[in-house]
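Encoded as structure tokens, the structure appears first; notes follow it.
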Amino acid sequence: MHLSIHPNNWSYWERKSFSREADLAIIGCGIVGLNAGIRFLENSPKAKVIILERGLSPDGASTKNAGFACFGSPGELLDDLKNAPLEEVFALFKRRYDGIFALRKRLDAEDFGWTPSGGFEIFNEANLQDFPSINQLEEINREIYKCIGIHDYFQIADEEISEHGLINLPHLIKTQHESLLNPVKMIQALIKKILFFRRKYFLWYGCYTVDRR
């Protein structure tokens, strides 16, 4: 693939340096783009990879997410089960779980602010109808155990409501298996990771074309 990236004001040297043959061109320097580039170079260390980013820095959804490493709350899973088969819902849960732990293997925890914090789903009068029954929560926990081997992933913890400074909430469900992360630090750590391969070029230009020749 030949990349043709030629703003009108580029010099001869810019054209010569930034327009080159590449084995893989990736559009977007976010979580997916960077991890795809790293994985490709892990498998093909002699390859050339170019990642193109439209902004002056990675500024897409990857750096705007809330910073929670979570995989689906009981309420979300029950809602998903209304529209998709059980196997599909929990296969997606497993992919999310496996994905974040693959990221942990790739990066040191301190490099992207990984902080085990647990997670909570709260229920008030407005969404009380979404609170799962005991049987529903047990079924969710059974399916999660089948997927990732963790018993009692979710637990009802109404007694902890006041401990968290919450009032007028009838129910609280918790899990110990979710975490916080810093999405900007994560992107910066992935950029550093891919630069170790020394065959990677970042182009921070908003207008480009990709030509196959």
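When the residues of segment 50-71 are filtered to those that are of a type outside the set (Val, Ile, Thr) and more than 13 Å from the chain's Cα centre (by Cα), the one that is surrounded by the most Cβ atoms within 10 Å (Cβ to Cβ) is Pro58. Filtering segment 31-87 to residues that are of a type in the set (A, V, I, L, M, F, W, C), under 30 Å from Asp130 (Cα atoms) and touching a helix residue (DSSP H, G or I) at 6+ places or on another chain (Cβ under 9 Å) leaves Ala61, Ala66, Ala69, Cys70, Phe71, Leu77, Leu78, Leu81, Ala84, Leu86. Kindly indicate whether any position in segment 101-108 is over 16 Å from the mean Cα position of the chain (by Cα) and surrounded by fewer than 17 Cβ atoms within 10 Å (Cβ to Cβ). Within segment 101-108 (the criterion being over 16 Å from the mean Cα position of the chain (by Cα) and surrounded by fewer than 17 Cβ atoms within 10 Å (Cβ to Cβ)), the answer is no, since none of the residues qualifies.
The number of residues in segment 167-184 being more than 30 Å from Gly30 (Cβ to Cβ) and either in contact (Cβ under 8 Å) with a residue 60 or more places away in the chain or in contact with an Asp or Glu (Cβ under 9 Å, 6 or more places away or on another chain) (or both) comes to 7.
Does segment 130-139 include one or more residues that are of a type in the set (Gly, Ala, Ser), touching a residue at least 60 places away in the same chain (Cβ under 8 Å), out of contact with any Leu (no Cβ under 8 Å at 6 or more places or on another chain) and not in a helix (DSSP H, G or I)?
Narrowing segment 130-139 to residues of a type in the set (Gly, Ala, Ser): 133.
Filter once more, so that each one left must be touching a residue at least 60 places away in the same chain (Cβ under 8 Å): none.
Checked against the condition, which is being of a type in the set (Gly, Ala, Ser), touching a residue at least 60 places away in the same chain (Cβ under 8 Å), out of contact with any Leu (no Cβ under 8 Å at 6 or more places or on another chain) and not in a helix (DSSP H, G or I), segment 130-139 yields no hits at all.
Within segment 93-120, residues that are aliphatic (A, V, I, L, M) have Cβ atoms under 6 Å from residues that are part of a helix (DSSP H, G or I) in these pairs: Leu107/Ala189, counting only partners at least 6 apart in sequence or on another chain. Scanning segment 170-202 for residues that are surrounded by 18 or more Cβ atoms within 10 Å (Cβ to Cβ), at pLDDT below 90 and part of a strand (DSSP E or B) turns up just one, Lys200.
The values are calculated or read from the model by the stated rules, or taken from the named source; none is laboratory data. Note that the structure is predicted; figures quoted are calculated from it, not measured. As a convention, Cβ positions derive from the backbone with ideal geometry for all residues, glycine included, and neighbour counts pool all protein chains shown.
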